[in-house]
1. If you scan region 85-115, which residues turn out to be surrounded by fewer than 20 Cβ atoms within 10 Å (Cβ to Cβ) and farther than 22 Å from Glu50 by Cα?
2. What's the total number of residues in region 26-57 that are open to solvent by 10 Å² or more (accessible area, probe 1.4 Å) and either in a helix (DSSP H, G or I) or at pLDDT below 95 (or both)?
3. Scan region 116-131 residue by residue and report those that are outside any loop (DSSP other than H, G, I, E, B) and buried (at least 21 other Cβ atoms within 10 Å of the Cβ).
4. Does region 127-150 contain at least one residue that is at pLDDT below 95 and small (Gly, Ala, Ser)?
5. Considering only region 138-162, state which residues are under 20 Å from Ser15 (Cβ atoms), in contact with a strand residue (DSSP E or B) (Cβ under 9 Å, 6 or more places away or on another chain) and open to solvent by less than 80 Å² (accessible area, probe 1.4 Å).
6. Taking the condition within 20 Å of Leu171 (Cβ to Cβ) and not in a loop (DSSP other than H, G, I, E, B), does Lys144 pass?
7. Run down Cys69, Cys81 and say which single residue is touching a Leu at 6+ places or on another chain (Cβ under 9 Å), open to solvent by less than 20 Å² (accessible area, probe 1.4 Å) and either part of a strand (DSSP E or B) or among the basic types (Lys, Arg) (or both).
8. Taking only pairs six or more apart or across chains, which ones have beta-carbon atoms under 7 Å, a first residue in region 2-26 that is at positive phi, and a second residue that is open to solvent by less than 10 Å² (accessible area, probe 1.4 Å)?
Amino acid sequence: MKEKRVLILHGLGGSDFPHWQANLARDLIEQNTPVSFPTLPNRDNPDLNEWKEFLKKEIEHFKPTIVVCHSLANLLWFHTCEELDIKLDKLMLVAPVRDKVLDDAPTFFPYSLPKDLKSVEVIMATSTNDPYITVEEAIRLSSKIRVGMKILEDAGHINAASGYGKLDCALEWLNRVDECEENR
């Protein structure tokens, strides 16, 4: 069995503690799973090309088997994944944003959807009241990229500001395959 290596990519402004991504990184470390949770360059005023180059170097160096994206990091993945020579075991897309320019990250827009997300298994999570994407927009997005989706009730942008300092279902999903393989 291939060693699980998890790369966690934050969105605009980062995912500092108590954000669920920071808690996920801690939980993975506690179970002795190799984790990379880098701070992307100029996280408050990002440039797509800077983030793409950083991501490519991090993937080459860390060699993840799983990638977890939040918010703007989903768009980073959409812009970059087809340029990568990689096949992940899992990809988690949490709280993607609609294709409408954000003043703090204009270089990420517009974005097109990749034909290959470069992962065996993909899940997307959204909220019924995310200010950056409606449920209807998220459903259309999940349909276009052909992935399953979990819809959280009144979870806002699924971040610390909306009460998500922990997202236990994320850790459970990341561990699910290992548990199934151990029971064979």
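1. Residues of region 85-115 that are surrounded by fewer than 20 Cβ atoms within 10 Å (Cβ to Cβ), as a first pass: 85-87, 89, 98-104, 106-107, 109-115.
Once the filter is applied, which keeps residues that are surrounded by fewer than 20 Cβ atoms within 10 Å (Cβ to Cβ) and farther than 22 Å from Glu50 by Cα, region 85-115 yields Lys87, Asp89, Lys115.
2. Narrowing region 26-57 to residues open to solvent by 10 Å² or more (accessible area, probe 1.4 Å): 26-27, 29-39, 41-45, 47-50, 52-54, 56-57.
Now narrow it down to the ones that are either in a helix (DSSP H, G or I) or at pLDDT below 95 (or both): 26-27, 29-30, 48-50, 52-54, 56-57.
Number satisfying all stated conditions: 12.
3. Narrowing region 116-131 to residues outside any loop (DSSP other than H, G, I, E, B): 119-127.
Answer for region 116-131, where residues must be outside any loop (DSSP other than H, G, I, E, B) and buried (at least 21 other Cβ atoms within 10 Å of the Cβ): Ser119, Met124, Ala125, Thr126, Ser127.
4. Yes; the residues of region 127-150 include at least one that is at pLDDT below 95 and small (Gly, Ala, Ser).
5. Scanning region 138-162 gives Ala138, Leu152, Ala155, Gly156, His157, Ile158, Asn159, Ser162.
6. On the way: within 20 Å of Leu171 (Cβ to Cβ): no; not in a loop (DSSP other than H, G, I, E, B): yes.
Considered against the rule, which asks whether it is within 20 Å of Leu171 (Cβ to Cβ) and not in a loop (DSSP other than H, G, I, E, B), Lys144 comes out as no.
7. Values: Cys81 fails: either part of a strand (DSSP E or B) or among the basic types (Lys, Arg) (or both).
Answer to the selection: Cys69.
8. Hits for this filter: zero, empty list.
The values are calculated or read from the model by the stated rules, or taken from the named source; none is laboratory data. Small disclaimer: the values here were computed from a predicted structure and weren't measured. With ideal geometry, Cβ positions are generated from the backbone for all residues, glycine too; neighbour counts draw on all protein chains shown. What goes into the accessible areas is simple: the full protein's heavy atoms, side chains included, and nothing from ligands, DNA or RNA. Shrake-Rupley method; radii C 1.70, N 1.55, O 1.52, S 1.80 Å.
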